[in-house]
Amino acid sequence: MNHADVVLRGYRPQDAASWVRCRALAFLETQYYDDVHPVRTQLSEPSLALVAVDGEELVGLLDIEIDGTEATIDSIATHPDHQGRGIGTRLLQHALPTLTARGVHTLDAWTREDAPANRWYVRNGFTERYRYLHVYLSAQDDAAGFTTPEGLSTPVGAFMHAAVEDEAALRQRYRRVYLCRQYLRELTAADRRTTS
Ligand SMILES: CC(C)(COP(=O)(O)OP(=O)(O)OC[C@H]1O[C@@H](n2cnc3c(N)ncnc32)[C@H](O)[C@@H]1OP(=O)(O)O)[C@@H](O)C(=O)NCCC(=O)NCCS
């Protein structure tokens, strides 16, 4: 694939199926492997939704929700066959002038421990602001201590948040424990420049 063949544009309703496929394939290789959305989450307005296309193929996506002067990356993904070619960075660079024009001061994102994603945020000017834990109760874990409404078994699975102070104890007890980091980038005058 030639880098120059990839075109960035706004998301269109007819992108729906390939958007879901691209996100699912990208996330399959991460700690979010079972965070599969069968349909794209409708963003609350105002929002910014971009895709990267190579001919007919959707190869990257970036969804951002805007809340006053703050914005949050809801989804960013590059198709696994096209990662490491600058598509994610181009999508971000394309979004920044629009965000600043709309009065956004900060852009944040939340991600688990996957090295490529963490490296990508740091390389793109984000710094860590906050961290907490994502904890799963899996079928193989001991469900002692969990209670459920009458008529239901103890949970077969559960997803919970926890404080980093409890990390060691939680990792000993549960198989799936992830550090989740908030990354934040302050938007500056330099981000007003338009890129392709
Ligand atoms: C994180 C993610 C979106 C990055 O997308 P990407 O298109 O691969 O990102 P880029 O190509 O811009 O940057 C990735 C690397 O490629 C390198 N790169 C950038 N432009 C390049 C180019 N033109 N040619 C070759 N390599 C390039 C960068 O130096 C970067 O290196 P790094 O790993 O040291 O940071 C992608 O890895 C992904 O989809 N991951 C799965 C989903 C996910 O984790 N999402 C975020 C968490 S919610």
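The values are calculated or read from the model by the stated rules, or taken from the named source; none is laboratory data. Note that the structure is predicted; figures quoted are calculated from it, not measured. So basically every Cβ, Gly included, is an ideal-geometry build from the backbone, and we count neighbours across all protein chains shown. These area figures cover heavy atoms from the full protein model, side chains too; ligands, DNA and RNA do not enter into them. Shrake-Rupley method; radii C 1.70, N 1.55, O 1.52, S 1.80 Å.
A few remarks follow.
- Restricting segment 38-101 to GluC sites (Glu not before Pro) that sit in a DSSP loop and have at most 13 other Cβ atoms within 10 Å of their own Cβ leaves E56.
- When only the Cβ of Lys, Arg, Asp and Glu is charged (+1, +1, -1, -1), the dipole of segment 6-104 relative to its Cα centre reaches about 300 debye.
- Mean residue ellipticity, 222 nm, helices only, the chain: the sum of -39500 (n - 2.57) across DSSP H runs of n ≥ 4, divided by residue count and rounded to 500, is -7000 deg cm²/dmol.
- Under a model in which nothing but the beta-carbon of Lys, Arg (+1) and Asp, Glu (-1) is charged, segment 109-189 shows a dipole of about 400 debye around its Cα centre.
- Taking chymotrypsin sites (Phe, Trp or Tyr not before Pro) across segment 1-70, the ones in a DSSP loop with at most 11 further Cβ atoms lying within 10 angstrom of their Cβ are Y33.
- Top positive-direction residue, dipole computed over the chain with Cβ charges, set A26, H37, G88: G88
- Whole-percent carbon and sulfur share, accessible surface of segment 1-99, 1.4 Å: 50 percent
- Segment 125-196: GluC sites (Glu not before Pro) in DSSP coil with no more than 12 other Cβ atoms inside 10 Å: E150
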